[in-house]
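The values are calculated or read from the model by the stated rules, or taken from the named source; none is laboratory data. Here the structure is a predicted model, which means the values were calculated and not measured. Don't worry about glycine lacking a Cβ; one is built from the backbone with ideal geometry, like all the others, and counts go over all protein chains shown.
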Ligand code: G6P
């Protein structure tokens, strides 16, 4: 049951291991959701798509925005608490992503966008949550309750739901049936994730670098390790890292590269730049090596599914870094599961 750890030391680990099942439940739910076609039509007839969310949900939203931008859609990711920077109109669709469905900043944002007669589509994990009640269209992830404060399985279900919606919008064939196995083979690498997490736990700072679709994953990896291991970590687009961040690199500075497989060569040269300055480089890489000092190499036959292999690994690295530092990963200091204040 959701309220017991079932032999796992912490809820966070148990919930990471539930990911294959809840992702498949989420996809099953969406395939059988009779509202989906209406929602897809709405999005496809919109002038712009505004994606609004906070924290981990924002990273899922950024992933979705990048996918749609690549297909030529005008998609604008907005951090919920910064909603006042955008003026929406009646031809815009807003997609609000929130695990809890109760995050106050997201509620404030959609109320404002509704005043401008934009259509609100919500993706939440809680049936009839505040955010779903205030939306015109509701979609759900089926991750079940998440006890760990830092989002894990719910993030991967959001990614799954958003990949599904994207595939419908742009009419792309994806082998959704294989996602459970992709996640399971990634979980088999937990020993390697543990070793990297334990090494990062010895450091004071780290960079997480990615390109394209791997950037939101790098951002989520750095958020996770900040949240529960209290390690100062910063995510950056790999190419942009030479415009500033590289100034901090000296012997032993850890740099974690995340690679979905789409920009392997470019990332390999970023690895060389970092190595040349003494960085200790780590790779979480799909299908090809990045030539980092230490690497978790994941094989995925369809690179559209790379995110599902990467997501559990960045979470496990943070989890083991938190344990190595003696922290309780389920109850990080200063953080709340649901932030119901502005
Ligand atoms: C809090 C939680 C995060 C979560 C964020 C957004 O900061 O600690 O894990 O990602 O809220 O929550 P939501 O429920 O809107 O996805």
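The set of residues in the stretch 107-166 being more than 19 Å from the chain's Cα centre (by Cα), in a loop (DSSP other than H, G, I, E, B) and within 11 Å of the ligand (Cβ to nearest atom) consists of 129 alone. Tallying residues that are within 8 Å of the ligand (Cβ to nearest atom) and within 18 Å of residue 135 (Cα to Cα) within the stretch 47-57 yields 3. So, of the residues in the stretch 7-46 that are under 21 Å from residue 189 (Cβ atoms) and surrounded by fewer than 17 Cβ atoms within 10 Å (Cβ to Cβ), which turns out to be farthest from the ligand (Cβ to nearest atom)? Filtering first and then ranking leaves 7.
Residues that are in contact with a helix residue (DSSP H, G or I) (Cβ under 9 Å, 6 or more places away or on another chain) and under 15 Å from residue 44 (Cβ atoms) within the stretch 73-93 comprise 73, 74, 75, 92, 93, listed in sequence order.
Would the stretch 64-71 turn up any residue that is in a loop (DSSP other than H, G, I, E, B), within 21 Å of residue 214 (Cβ to Cβ) and more than 14 Å from the ligand (Cβ to nearest atom)? Yes: one or more hits. Tell me, which residue of the stretch 313-342 that is away from the ligand (no atom under 16 Å from the Cβ) and either buried (at least 24 other Cβ atoms within 10 Å of the Cβ) or in contact (Cβ under 8 Å) with a residue 24 or more places away in the chain (or both) is nearest to residue 296 (Cα to Cα)? Looking at the filtered set, the residue picked out is 313. Applying the set (1) surrounded by fewer than 22 Cβ atoms within 10 Å (Cβ to Cβ); (2) closer than 27 Å to residue 185 by Cβ; (3) touching a residue at least 24 places away in the same chain (Cβ under 8 Å) to residue 260 leaves exactly one unmet item: (1). Within the stretch 240-257, the set of residues being surrounded by fewer than 16 Cβ atoms within 10 Å (Cβ to Cβ) and touching a helix residue (DSSP H, G or I) at 6+ places or on another chain (Cβ under 7 Å) comprises just one member, 242.
Conditions (1) modelled with pLDDT of 95 or more; (2) part of a helix (DSSP H, G or I); (3) over 12 Å from the mean Cα position of the chain (by Cα), marked per residue:
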{"residue": "174", "(1), (2), (3)": "yes, no, yes"}
{"residue": "181", "(1), (2), (3)": "yes, yes, yes"}
{"residue": "199", "(1), (2), (3)": "yes, yes, yes"}
{"residue": "215", "(1), (2), (3)": "yes, yes, no"}
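Would you pick out the residues in the stretch 6-44 that are more than 27 Å from residue 105 (Cα to Cα) and not in a helix (DSSP H, G or I)? Within the stretch 6-44, 6, 7, 8, 9, 10, 18, 32, 33, 34 meet the criteria.
Taking the stretch 111-132 as the range and being within 22 Å of residue 40 (Cβ to Cβ) and in contact with a helix residue (DSSP H, G or I) (Cβ under 7 Å, 6 or more places away or on another chain) as the test, the residues that pass are 119, 120, 121, 122, 123, 124, 125, 131.
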